[in-house]
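A short write-up of the structure that comes next.
We did not get these values from a lab; they are worked out from the coordinates using the rules stated. These numbers were taken from a predicted model, which means no experiment stands behind them. As a convention, Cβ positions derive from the backbone with ideal geometry for all residues, glycine included, and neighbour counts pool all protein chains shown.
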Amino acid sequence: FSNTYRMIEQDDFDIHTRLHTIVRGEDEAAMVESVGLALVKLPDVLNRLKPDIMIVHGDRFDALALATSAALMNIRILHIEGGEVSGTIDDSIRHAITKLAHYHVCCTRSAEQHLIAMCEDHDRILLAGCPSYDKLLSAKNKDYMSIIRMWLGEDVKTRDYIVALQHPVTTDIKHSIKMFELTLDALISFNKRTLVLFPNVDAGNKEMVRVMRKKGIEHHPNFRAVKHVPFDQFIQLVAHAGCMIGNSSCGVREVGAFGTPVINLGTRQTGRETGENVLHVRDADTQDKILHALQLQFGKQYPCSKIYGDGNAVPRILKFLKSIDLKEPLQKKFCFPPVKDNISQDIDHILETQSALAVDLGGTNLRVAIVSMKVNIL
């Protein structure tokens, strides 16, 4: 949500083109229409830009449109954060982009092994770590209390508030809406100041927002409901929270850099590598179970985890980009495991399969004959 392109402008990049591609509706059909709209608009932009390399990040459905367009237009693709395993439709999209991409930057050793297992060329894979960790591990803001108070109120203290971020699970929307309802009930009972971010634009968004409004979250004295927090400020909010709860990849990936306790709900991040700061509630089917998890995790402090990066990803990626030879063949080569060679269907093979070689090893004579399938000696 919000005009996040302003973050690009603040970093002094000139934006060549802005495309509006998200079709509102927040259901499965709207996601497909959004991809389709992007596919219609992107060719003209790419023809004008003529990029040497397209950098595509992550596993969102809009990234799939970018990767598809670039692949069909013979533009080299560098995919960041491939090879990871999570849940919902994001897994399928992430792996689809991997198959379209020519070069890969992954964050963990396991992700690298997954890419190799998916028959990607090892020479085109860089294990760099997560680029966001470069910023996370260097984020030192002495004035973090002003950020916390701005979003959560003047009387809030560090380690005494919760950040909640829960998205729809597109492969099981009905269950994820029920789980969100239970999460909000548990947070109301837990009675701590809570920053609730709106769910993303995936299918099921409207129903989840309806649940928030039904429970009066936007007007509850303990809650602050927002659609967007600038990244630099969000870092400070999760770094000093008493707990983060939900099913966002941010909880199991980035928040580990600060050792903040995390409660991961449901199956959306099932396959993610996590640090010891993450408590999984796979079957978040009761309010009491979620409430008990909050009681166990809130206010703890864990060691900082560097599973996803050591803060030096960007220099590695730059070096990798500079090493790419733009003259080498664009056609991808997959490193498939060895298999038995196919028998060519040529005329010699056909003649061979229509006859047999007969050998009689006699006591004094050796007799050899070619016999047809009709048992005639040829």
Quiz item: When you count, for each residue, the other Cβ atoms within 10 Å and take the mean per peptide, how do 291-303, 366-378 rank with the highest first?
Solution: 291-303, 366-378
Quiz item: When Rg/Rh (Cα atoms, Kirkwood Rh) is calculated directly from the model, which label among (i) 0.97; (ii) 1.16; (iii) 1.06 fits?
Solution: (ii)
Quiz item: Where in the chain are the DSSP H helices whose C-alpha atoms run 24 Å or more along the long axis and whose mean Kyte hydropathy is at least 0.5?
Solution: 28-49, 173-190
Quiz prompt | Signed unit charges on C-beta, dipole axis of the chain, positive-most listed residue Ile125, Ala313, Gly251 | solution = Gly251
Quiz item: Relative contact order for the chain using alpha-carbon pairs under 8 Å, separation at least 6, rounded to a whole percent?
Solution: 16 percent
Quiz item: Given the Cα-Cα distance of His20 and Glu218 and 0.36 nm per residue of separation, how much length would full extension add, in nm?
Solution: 68.5 nm
Quiz prompt | Qualifying GluC sites (Glu not before Pro) for region 107-216 [loop in DSSP, other Cβ within 10 Å: at most 10] | solution = Glu154
